[in-house]
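A.B. asks: Have a look at this one before I ask anything.
The values are calculated or read from the model by the stated rules, or taken from the named source; none is laboratory data. Just so it is clear, the model here is predicted, and its values are computed rather than measured. Reconstructed Cβ throughout: ideal geometry from the backbone, glycine too, with neighbour counts over all protein chains shown. Ligands, DNA and RNA are stripped out before the accessible areas are found, and what is left, the full protein with its side chains, is counted by its heavy atoms. Shrake-Rupley method; radii C 1.70, N 1.55, O 1.52, S 1.80 Å.
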Amino acid sequence: MIVIIKSGTSPEMVKKIKEKLESKGVEVDITRGTNKTVLCVVGDTRMIDINSIKSFPEVDDVLKVMEPYKKANRLMHPENTIVDVNGRLIGGKKIAVIAGPCSVETEDQIVGIAESIIDSGAEFLRGGAFKPRTSPYSFQGLGATGLDLLSKAREKTGLPVVSELMSADMLEKFVEEVDIIQIGARNMQNFDLLKEVGRIKKPILLKRGQSATIEEWLMSAEYIMAGGNNDVILCERGIRTFETSTRNTLDLSAIPVIKKLSHLPVIVDPSHATGAWWMVESLSRAAIAVGADGLIIEVHNDPANALCDGAQSIKPENFNDLMKSLKYIALAVGREM
Ligand code: PEP
Ligand code: MN
């Protein structure tokens, strides 16, 4: 349920209405926008007498939120959420670009790639340390050592780092060493893991599950937000369809749908969506054109010998060219790079 407060209402009066709602056992968040203040009411709202709330002269309207996701719903928070990662913003006017290898392999590799992407204008470094591989015989990542190498790359370049958490056992180390915790496609509905990352104060990059509907994806964001962590960044990374020419099918239509339904920032991963490096450039441009707030792109200095996902990784020089061309697309849709 949302309670829209008339503009000019005093903070004391807003507090009074909030307390009246809370006396019915629900949780109430206040969202102050530039034009209006909205009280977001979540929980069991059946005990609330809508007419008595409407009888406050300061209340403009009371609306039921029909969708099952509440905190992630744009109705609850009409303005875009901007996630602040150590002073770098995701969801604002500036397009955020995360780049780096699928997996951290060596110190030289991760530091070398970090230095090259920073020169091209990337603001965040990605690198997997715990890898969700389809085969148990494939490279599983360097584990904790990989996180330490990412920290070294951050020390040397200042780039905040993004890495995937697969198990709550490692949560403490991730909180210490990682700036954005990624929840991978395969764990999008690992509800225990979602609850754990909902309890912490750290931005979460929530990838869309391989066969998840947009509503299921938003419900996973809701799990994280229900725990008190509102810093959720959504990531469209392609979904399973009948098509076999690409690794997945990049659902670009999800971007305007998310923008309509939710206030959360949404970025696109063209690397896992296609599985082929030569499609990354055109789909990155398309993603920005359609309204994505950013990109996460796999970049490797030696894709032919990469330990994971070499076929979809672009080289630093291609990434540099791509970043230059993205500036024009960003400008055309009122964004900045
Ligand atoms: C990744 O980003 O390295 C990854 C495994 O992605 P996804 O969960 O989207 O497959
Ligand atoms: Mn990968």
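A.B. asks: Of LEU165, LEU159, which residue is at pLDDT 95 or above and under 16 Å from VAL197 (Cβ atoms)?
C.D. replies: Numbers: LEU159 fails: under 16 Å from VAL197 (Cβ atoms).
Answer to the check: LEU165.
A.B. asks: Turning to a different aspect of this structure: Does region 78-94 include one or more residues that are among the small types (Gly, Ala, Ser) and more than 22 Å from ASN35 (Cβ to Cβ)?
C.D. replies: Yes, because at least one residue in region 78-94 is among the small types (Gly, Ala, Ser) and more than 22 Å from ASN35 (Cβ to Cβ).
A.B. asks: Suppose the filter is under 20 Å from GLY294 (Cβ atoms) and assigned by TED's automatic domain parsing to the domain that holds ASP302; does ALA122 pass it?
C.D. replies: Values: under 20 Å from GLY294 (Cβ atoms): yes; assigned by TED's automatic domain parsing to the domain that holds ASP302: yes.
It is true that ALA122 is under 20 Å from GLY294 (Cβ atoms) and assigned by TED's automatic domain parsing to the domain that holds ASP302.
A.B. asks: When region 316-336 is examined, which residues are found to be more than 15 Å from GLU123 (Cβ to Cβ) and out of contact with any strand residue (DSSP E or B) (no Cβ under 7 Å at 6 or more places or on another chain)?
C.D. replies: Within region 316-336, GLU317, ASN318, ASP321, LYS324, SER325, TYR328, ILE329, LEU331, ALA332, VAL333, GLY334 qualify.
A.B. asks: Assuming MET225 fulfils every condition listed in (1) of a type outside the set (D, E, K, R); (2) at negative phi; (3) within 13 Å of ligand 1 (Cβ to nearest atom) apart from one, which condition is it?
C.D. replies: (3)
A.B. asks: Among the numbered conditions (1) open to solvent by less than 30 Å² (accessible area, probe 1.4 Å); (2) part of a helix (DSSP H, G or I), tell me where ASN229 comes up short.
C.D. replies: (2)
A.B. asks: Next question, about the same structure. Would you be able to tell me the number of residues in region 143-169 that are in a helix (DSSP H, G or I), out of contact with any Leu (no Cβ under 8 Å at 6 or more places or on another chain) and open to solvent by 10 Å² or more (accessible area, probe 1.4 Å)?
C.D. replies: Restricting attention to region 143-169, the residues satisfying the condition of being in a helix (DSSP H, G or I) are 144-157, 168-169.
Still in the list and also out of contact with any Leu (no Cβ under 8 Å at 6 or more places or on another chain): 144-148, 151-152, 155-156, 169.
Those left that are additionally open to solvent by 10 Å² or more (accessible area, probe 1.4 Å): 144-145, 148, 151-152, 155-156, 169.
Of the residues in that region, 8 qualify.
A.B. asks: Could you tell me how many of the residues in region 199-244 are over 26 Å from VAL175 (Cα atoms) and touching a His at 6+ places or on another chain (Cβ under 7 Å)?
C.D. replies: 1
A.B. asks: Please give the strands (runs of 3 or more DSSP E) falling wholly within region 24-135 in which 1 or more residues are open to solvent by less than 10 Å² (accessible area, probe 1.4 Å) and in contact with a Gly (Cβ under 8 Å, 6 or more places away or on another chain). Don't jump to the end; show me each part of the working.
C.D. replies: Numbers: elements: 27-32, 37-42, 59-63, 83-85, 88-90, 96-100, 124-126.
By residue number, 83-85, 88-90, 96-100, 124-126.
A.B. asks: Further question: Looking only at region 180-203, which residues are in a loop (DSSP other than H, G, I, E, B) and away from ligand 1 (no atom under 12 Å from the Cβ)?
C.D. replies: Answer for region 180-203, where residues must be in a loop (DSSP other than H, G, I, E, B) and away from ligand 1 (no atom under 12 Å from the Cβ): GLN189, ARG199, ILE200, LYS201, LYS202, PRO203.
A.B. asks: Against the condition farther than 25 Å from GLY43 by Cβ, β-branched (Val, Ile, Thr) and either crowded, with 19+ Cβ neighbours inside 10 Å or free of Cβ contacts under 8 Å to residues at least 12 places away in the same chain (or both), how does ILE180 come out, does it pass?
C.D. replies: Spelling it out, ILE180 is indeed farther than 25 Å from GLY43 by Cβ, β-branched (Val, Ile, Thr) and either crowded, with 19+ Cβ neighbours inside 10 Å or free of Cβ contacts under 8 Å to residues at least 12 places away in the same chain (or both).
A.B. asks: Mind checking which residues of region 211-220 are surrounded by fewer than 24 Cβ atoms within 10 Å (Cβ to Cβ) and in contact (Cβ under 8 Å) with a residue 60 or more places away in the chain?
C.D. replies: Scanning region 211-220 gives GLU215, MET219.
A.B. asks: Suppose we keep only residues that are polar (S, T, N, Q) and touching a Leu at 6+ places or on another chain (Cβ under 9 Å) within region 73-111. Which one would you say is farthest from ligand 2 (Cβ to nearest atom)?
C.D. replies: Here the residue is ASN73.
A.B. asks: Return the only residue of ILE288, ILE239, ILE296 being closer than 22 Å to LYS94 by Cβ and within 13 Å of ligand 1 (Cβ to nearest atom).
C.D. replies: ILE296
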